[in-house]
Amino acid sequence: MAKIELSALVGLVQGHITRNYAMALIDKTKTDELRAYIGKYLYDTGYTVDGYDTKSLVDRLFSEMAEYSILTKYLHDDRIEEVNINGWDDIAITYLDGRIEKAEEYFFSPGHAVDIVKKLLQHSGMIIDNATPMAQGHLPNNTRVTALKTPIVDEDRGVAVSIRMLHPARVDRENLLRTESITDEMLSFLEMCLRYGVSFVVAGRTSSGKTTLLNSLLGSIPDNKRIYSIESGARELSLVKRDVNGKVINNVVFCRRYRIYPCRSFESTVDESHQSGE
């Protein structure tokens, strides 16, 4: 048995898999094969890492190559509301009950942190680099990712990232009243304004309950009325209603924010007309 640092082993395994089993990295249906190749490499080389048995080491190496390194376990935890990366070696976890705890694990280096964040943003087609040091994207499981890197963030810190897990299905009118976030009279008044087409803005700091309130208010709209939801990135509003058989019973259209750029030739024509006095 030969002991080795985890960061060094990750590089060796990635190189071995890339050279010999590249399709296992590309094809998402070959996860079992990828795990088997990693296990065989460990068996053939005899490499071990302090604090890991064979199974946990295979899981960690698999996560580095096919998932999101140390972030993976947090992204699928229903108890967590937000993951804040303050630097490559400083990660804070915010739970739904308000607790904030520092993660025991951290990235290998600033470069490692940047690589994992780039992989997170790939799902929404976003790129973060020195030319575009700020990016916002989302993951398929309704998770919003906002990231900063050099030159906005100090080079020795790597990145600063907010990963917000959205749990819209947890909120409804009864929850708001039970937690005394709002009174029945206040909520009824806002519902009446919405039903009669009164425009209003819901504003507040992060985690102040904006999405919670909106989900409740929009849930009061009659099922025969059509709702258009226009959101950017991750879908925060949970509006679709289903009966006991899973059939949709209301009318909801989900849209993404789309920016339409003006026609350059039209702008030139307008400018020329204006200058000529027409």
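Summary of computed values
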| quantity | calculated |
| --- | --- |
| Any hit, region 78-85, residues being in a helix (DSSP H, G or I), closer than 27 Å to G11 by Cα, in the same structural domain as D154 (by TED's automatic domain parsing) and out of contact with any Asp or Glu (no Cβ under 8 Å at 6 or more places or on another chain) | no |
| So H138, is it buried (at least 18 other Cβ atoms within 10 Å of the Cβ), closer than 27 Å to F254 by Cα and touching a residue at least 12 places away in the same chain (Cβ under 8 Å) | yes |
| Residue among T45, T54 that alone is touching a residue at least 24 places away in the same chain (Cβ under 8 Å), outside the structural domain of A103 (by TED's automatic domain parsing) and among the polar types (S, T, N, Q) | T45 |
| Restricting region 95-132 to residues that are in contact (Cβ under 8 Å) with a residue 60 or more places away in the chain and outside any helix (DSSP H, G or I), the residue that is surrounded by the most Cβ atoms within 10 Å (Cβ to Cβ) | F108 |
| Unmet criterion (only one of (1) without any contact (Cβ under 8 Å) to a residue 40 or more places away in the chain; (2) under 12 Å from V13 (Cα atoms); (3) not hydrophobic (A, V, I, L, M, F, W, C)) for D32 | (2) |
| Count of residues meeting criterion [outside any helix (DSSP H, G or I) and surrounded by 10 or more Cβ atoms within 10 Å (Cβ to Cβ)] in region 207-224 | 7 |
| Hey, L176 surrounded by 11 or more Cβ atoms within 10 Å (Cβ to Cβ), modelled with pLDDT of 80 or more and more than 21 Å from the chain's Cα centre (by Cα) or not | yes |
| Condition check for A135: in contact with a strand residue (DSSP E or B) (Cβ under 7 Å, 6 or more places away or on another chain) and either farther than 19 Å from R79 by Cα or in a helix (DSSP H, G or I) (or both) | yes |
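Every residue, every condition in (1) surrounded by 11 or more Cβ atoms within 10 Å (Cβ to Cβ); (2) within 29 Å of K118 (Cα to Cα); (3) of a type outside the set (S, T, N, Q); (4) at pLDDT 85 or above, yes or no:
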residue	(1), (2), (3), (4)
D154	yes, yes, yes, yes
L166	yes, yes, yes, no
A169	no, yes, yes, no
T183	yes, no, no, yes
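The values are calculated or read from the model by the stated rules, or taken from the named source; none is laboratory data. Note that the structure is predicted; figures quoted are calculated from it, not measured. Counting neighbours? That spans all protein chains shown, and the Cβs are built from the backbone with ideal geometry, glycine included.
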